[in-house]
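Reading through the C-alpha cells given below for one structure.
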Amino acid sequence: MIKTCIAALTLAASLAFGQTALSLEDQARLAMAHKDYRKALDIYQTITMPTPLVLNMMGMAYLSLNDLSNAKKYYQRALKAKPDYSEAINNLGAIYYAEKNYRRAIGEYEKAIKLSPNSALFHSNLGTAWYMRKDFVKMTEYYRKALQLDSTVFESRGGYDGSLIQQNSGLDEKAKYFFYLAKTYAIQGMHPQALQNIRKALENGFKDRKHLTSDPEFASMQELPEFKELLTYQPKVL
C-alpha cells in the first residue's frame, strides 16, 4: 500500500509539471491508488501484451472487488508467464485462504517464502493460515519471524488474511487471535503492542485469564502497572 501511494504521488507530481503522457500502466496504477478498481481494470484490459506485473495487478484489482474467481485466474496467468513470481504466488495463497482451503494456502505461502525469505508479509500470512488450522505453535513461529523482519508488519501490512480473521470471525476466534498475537509481541519484548492486543483479546471475550499469569511469554510483563491493570479489566464485550 505504501509503495502504491508513493507511485501515485510521483505520477501526480509528473502531471503537475506538465508531463501528461502517462503510459497505460501508470494510468492504471493511479486508478488503483485511488481505489477505482473498475477503471484500473478497464485500462489494464487495453494492454495488448500484459506483463506478469500487469496480470498480478489485475488479480489484485479483482480481489479488491471480491471477485475471487477472476483474481485467481489472473494470478495463475501471471505465474504461467513467470513461475517464480513470489508476490503472485502469495496472492494465490490469499485466494485459497479466502476460500477456506487453508492447506493449499499454506503450500502457496511456503513457496513464496522460499523465493522471498525476507518478506514479513509472506511470513505473517503463513502464520495466520496455520492459526486457522489450530496450530498455534507454527502460527507463533511465523509471526515471530515476520516481526523480526518488520516490527510494524501487523500495523501497516496490506495483507489479506489477518484482516479476514478480524472481519469475519466470531468473538471467540477474534479473542484467541489477539491473545496469540499478544504472546508473539511479548516474546519479542514489544510490551506496548502486547498490552494492546491483550486488551483487544479481553474486549472480544477472552476468558482464560490464568494464561496471562502462568504462560512464560508474559513473565517479563508481570510487574508492569498496565499489565496488572489488565488482569482486573472487565470490559464490555464488543
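Cα centroids of the range 24-97 and the range 100-148: how far apart, whole angstrom? Between the Cα centres of the range 24-97 and the range 100-148 lies a distance of 22 Å. Proximity of backbone amide H atoms, modeled 1.01 Å from N, is registered between Tyr233 and no other residue at under 5 Å, excluding neighbours fewer than 5 places apart on the same chain. Shape index of the range 50-158: Rg/Rh, with Rg the Cα radius of gyration and Rh the Kirkwood radius from the inverse mean 1/r over Cα pairs, equals 0.97.
Is the range 21-62 rounded, prolate or oblate when judged by the Cα gyration tensor, a ≥ b ≥ c being the square roots of its eigenvalues, rounded requiring a/c under 1.5 and prolate requiring a/b larger than b/c? Oblate shape, in that a/c is at least 1.5 and b/c is the bigger or equal ratio.
Taken one residue at a time, the phi angles of the range 172-179 give Karplus couplings (6.51, -1.76, 1.60, θ = phi - 60°) of 4, 5, 4, 4, 5, 4, 5, 5 Hz. Gly and Pro are set to x. Legend: residue pairs Lys39/Lys82; Lys114/Lys145; Lys72/Lys114; Lys207/Lys236; Lys111/Lys138, Cα-Cα distance threshold 18 Å; pairs beyond threshold, Lys39/Lys82; Lys72/Lys114.
Every number in this text was worked out from the coordinates using simple rules, so none of it is lab data. What you see is a predicted model, and the numbers here were worked out from it, not measured in a lab.
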